[in-house]
Amino acid sequence: MASVIKTKKNAMLDVQAIRADFPILEHKIYDKPLIYFDNGATTQKPRCVVEKIENGYYNVNANIHRGVHFLSQAATEAHEEARKTIQQFLNARSSNEIVFTRGTTEAINLVASSFTDECMSAGDEVIVSVMEHHSNIVPWQIQAARKGITLKVIPMNEKGELNLDEYRKLFSERTKLVSVTHVSNVLGTVNPVAEIIEEAHRHGVPVLIDGAQSVPHMSVDVQALDPEFYVFSGHKVYGPTGIGVLYGKEEWLEKLPPYQGGGEMIASVSFEKTTFNELPFKFEAGTPDYIGSTALAEALRYVSRIGMDNIAAYEKELLDYATDKLNTIEGMRIFGQAADKGAVLSFLVGNIHHYDMGMLLDRLGIAVRTGHHCAQPLMQALGIEGTVRASFSFYNTKEEIDTFIAGIERVRKMF
Ligand code: PMP
């Protein structure tokens, strides 16, 4: 169980108690304590999530939805309860609006495929932004090749903030969808999605928000934000790999055709005519990850116990602390200086290649990510090949940041 105490005067979280929930954080790498700053790629798992998976396979394992026997009904109940937990976490109107997918990538591919089939024809346009992850670019390009749709791209300023004036100019009578990320996985920019959605709605255009980097770090209310689609990955929010969520407004999910065919998603099948299941099952072909769903729900309960607002405030403290310290390093270039920014720091130091920096930090037990971060068009806009990226979680500490800064200094002096 999580042990969270919100007592200390200057700390919103009892980080040491939280760290005790994550066994992997006790590991040593090359004989040094692991400092895990690769949370943007995936987060570590608290004991309760791993135990939920173990308990699921040991005690509640049977294929769901079709079984009359006890275990099948118990597994079905657990899976559908998990859906309700996710509905409540996002404040969706109905659990019919929660579709389980393999992750953000599959959720975007689902919408790209079904939305394009139903709502777009050659010459129609989708607006994305320059800071999208490949998973919110390539699915649209695949549809562009199939259907002749086109992409329009919102540019950004030198701080890494989207240019909303340019965004407003991108709308035409051919605009059918806006699909943008809530938080950039490279720059940390928290995009003004409420404004972006409002503007799209003024044109009668629906919006998809990629929540892969927001759901783990801030409270998200889909009714308040009002996007038509909102997607995220379980593994980035302390849940298991292989499960994610597509939230879609019921009227839109009703309207879209199925993405994949198979078991679960049908009402009846004959060689003459097949009818599809009701929501959300219409989009869940095949045996779903009914263990992963319950473990994801457990992860969401875990972060809710800590409190999303506490998480956001503490991670902001870490970001400010690390930014100030990084800025004291000679030759430091930080990419992403948005006024509203999540706990992600992308940087380069002098002429040191990001890969060399990452390799040498690794020898000190510090896990950071290097490269283009699946955002090559953004790298092109920045005129670089890649960065070093440190991305923080609520289980990270200022002491770890101190060690990280000393590590960067050490590498810098080597070059
Ligand atoms: N969008 C963003 C903003 C991301 O950061 C990521 C993961 N790096 C994805 C989409 C893709 O997520 P997944 O690989 O879990 O499908």
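The values are calculated or read from the model by the stated rules, or taken from the named source; none is laboratory data. Just so you know, these numbers come straight off a predicted model, no measurement behind them. As a convention, Cβ positions derive from the backbone with ideal geometry for all residues, glycine included, and neighbour counts pool all protein chains shown. Side chains included, ligands, DNA and RNA excluded: accessible areas come from the protein's heavy atoms. Shrake-Rupley method; radii C 1.70, N 1.55, O 1.52, S 1.80 Å.
Scan the range 362-399 for residues that are within 20 Å of Glu330 (Cα to Cα), in a loop (DSSP other than H, G, I, E, B) and open to solvent by less than 10 Å² (accessible area, probe 1.4 Å) and the total you get is 1.
Would a scan of the range 121-129 turn up a residue that is in a helix (DSSP H, G or I), farther than 23 Å from Ala299 by Cβ and among the small types (Gly, Ala, Ser)? Scanning the range 121-129 turns up no residue that is in a helix (DSSP H, G or I), farther than 23 Å from Ala299 by Cβ and among the small types (Gly, Ala, Ser).
Out of all the residues in the range 135-153, which are more than 30 Å from His79 (Cα to Cα) and touching a residue at least 12 places away in the same chain (Cβ under 8 Å)? Walk me through how you get there before you give the answer.
First, pick out the residues of the range 135-153 that are more than 30 Å from His79 (Cα to Cα): 137-138, 140-153.
Selection gives Ile137, Trp140, Ile142, Gln143, Arg146, Lys147, Gly148, Ile149, Thr150, Leu151, Lys152, Val153.
Of the residues Glu106, Glu173, which is within 13 Å of the ligand (Cβ to nearest atom) and out of contact with any Cys (no Cβ under 9 Å at 6 or more places or on another chain)?
Numbers: Glu173 fails: within 13 Å of the ligand (Cβ to nearest atom).
When all the criteria are applied, what remains is Glu106.
Scanning the range 291-324 for residues that are in contact with a Lys or Arg (Cβ under 6 Å, 6 or more places away or on another chain) and surrounded by fewer than 22 Cβ atoms within 10 Å (Cβ to Cβ) yields a count of 1. Scoring Phe115 on the criteria (1) in contact with a Pro (Cβ under 7 Å, 6 or more places away or on another chain); (2) away from the ligand (no atom under 16 Å from the Cβ); (3) more than 22 Å from Ala381 (Cα to Cα); (4) assigned to a helix (DSSP H, G or I) leaves a single failure, condition (1).
Taking Ser268 as the residue in question, decide whether it is in contact with a strand residue (DSSP E or B) (Cβ under 7 Å, 6 or more places away or on another chain), more than 16 Å from the ligand (Cβ to nearest atom), open to solvent by 10 Å² or more (accessible area, probe 1.4 Å) and not in a loop (DSSP other than H, G, I, E, B). I'd like the intermediate steps shown before the answer.
On the way: in contact with a strand residue (DSSP E or B) (Cβ under 7 Å, 6 or more places away or on another chain): yes; more than 16 Å from the ligand (Cβ to nearest atom): yes; open to solvent by 10 Å² or more (accessible area, probe 1.4 Å): yes; not in a loop (DSSP other than H, G, I, E, B): yes.
When the stated conditions are applied, Ser268 passes them.
So which residues in the range 61-75 are part of a helix (DSSP H, G or I) and in contact (Cβ under 8 Å) with a residue 40 or more places away in the chain, if there are any at all? Steps first, please.
Within the range 61-75, the subset part of a helix (DSSP H, G or I) is 70-75.
Residue satisfying the conditions is Ala75 alone.
Check whether at least one residue in the range 154-161 is assigned to a strand (DSSP E or B), in contact with a strand residue (DSSP E or B) (Cβ under 6 Å, 6 or more places away or on another chain), among the small types (Gly, Ala, Ser) and open to solvent by less than 10 Å² (accessible area, probe 1.4 Å), and report yes or no. Even if it seems obvious, please write down each step before you answer.
The initial filter retains those residues of the range 154-161 that are assigned to a strand (DSSP E or B), namely 154, 156.
Then keep just the ones that are in contact with a strand residue (DSSP E or B) (Cβ under 6 Å, 6 or more places away or on another chain); that gives 154, 156.
From the residues that got through so far, the ones that are among the small types (Gly, Ala, Ser) too are none.
The answer is no; no qualifying residue exists.
Can you tell me which residue is farthest from Ala78 (Cα to Cα) among those in the range 271-290 that are surrounded by 18 or more Cβ atoms within 10 Å (Cβ to Cβ) and among the aromatic types (Phe, Trp, Tyr)? If we take residues in the range 271-290 being surrounded by 18 or more Cβ atoms within 10 Å (Cβ to Cβ) and among the aromatic types (Phe, Trp, Tyr), then Phe283 is farthest from Ala78 (Cα to Cα).
Starting from residues that are over 20 Å from Phe392 (Cβ atoms) and open to solvent by less than 10 Å² (accessible area, probe 1.4 Å), keep the ones in the range 211-237 and report whichever is farthest from the ligand (Cβ to nearest atom).
Let us first name the residues in the range 211-237 that are over 20 Å from Phe392 (Cβ atoms), namely 221-231.
If we keep only those that are open to solvent by less than 10 Å² (accessible area, probe 1.4 Å) too, we end up with 222, 227, 229-231.
Numbers: Val222: 17, Pro227: 15, Phe229: 13, Tyr230: 12, Val231: 8 Å.
The selected residue is Val222.
Picking from residues in the range 57-116 that are modelled with pLDDT under 95 and open to solvent by 30 Å² or more (accessible area, probe 1.4 Å), the one that is nearest to Ser214 (Cα to Cα) is His65.
Taking Glu132 as the residue in question, decide whether it is in a loop (DSSP other than H, G, I, E, B) and not small (Gly, Ala, Ser). So Glu132 fits the description; yes. Checking the stated criteria, Ile127 turns out not to satisfy the condition of being of a type in the set (A, V, I, L, M) and either within 16 Å of the chain's Cα centre (by Cα) or over 24 Å from Ala200 (Cβ atoms) (or both). Inspect the range 246-255 for any residue being more than 17 Å from Val344 (Cα to Cα), open to solvent by less than 60 Å² (accessible area, probe 1.4 Å) and within 16 Å of the ligand (Cβ to nearest atom) and give the result as yes or no. For the range 246-255, residues more than 17 Å from Val344 (Cα to Cα), open to solvent by less than 60 Å² (accessible area, probe 1.4 Å) and within 16 Å of the ligand (Cβ to nearest atom): present.
In the range 162-192, the qualifying residues are those that are in a loop (DSSP other than H, G, I, E, B) and among the polar types (S, T, N, Q), and the one that is most open to solvent (accessible area, probe 1.4 Å) is Asn163. Of the numbered criteria (1) within 17 Å of Val128 (Cβ to Cβ); (2) surrounded by fewer than 23 Cβ atoms within 10 Å (Cβ to Cβ), the one Gly242 fails is (1). Met359 passes every criterion in (1) open to solvent by 20 Å² or more (accessible area, probe 1.4 Å); (2) touching a residue at least 12 places away in the same chain (Cβ under 8 Å); (3) of a type in the set (A, V, I, L, M, F, W, C); (4) outside any loop (DSSP other than H, G, I, E, B) apart from (2). Taken together, the criteria exclude Gly350 from residues that are on the phi > 0 side of the Ramachandran plot and open to solvent by less than 30 Å² (accessible area, probe 1.4 Å). The combined condition, being in contact (Cβ under 8 Å) with a residue 60 or more places away in the chain and closer than 20 Å to Val193 by Cβ, is fulfilled by Phe89.
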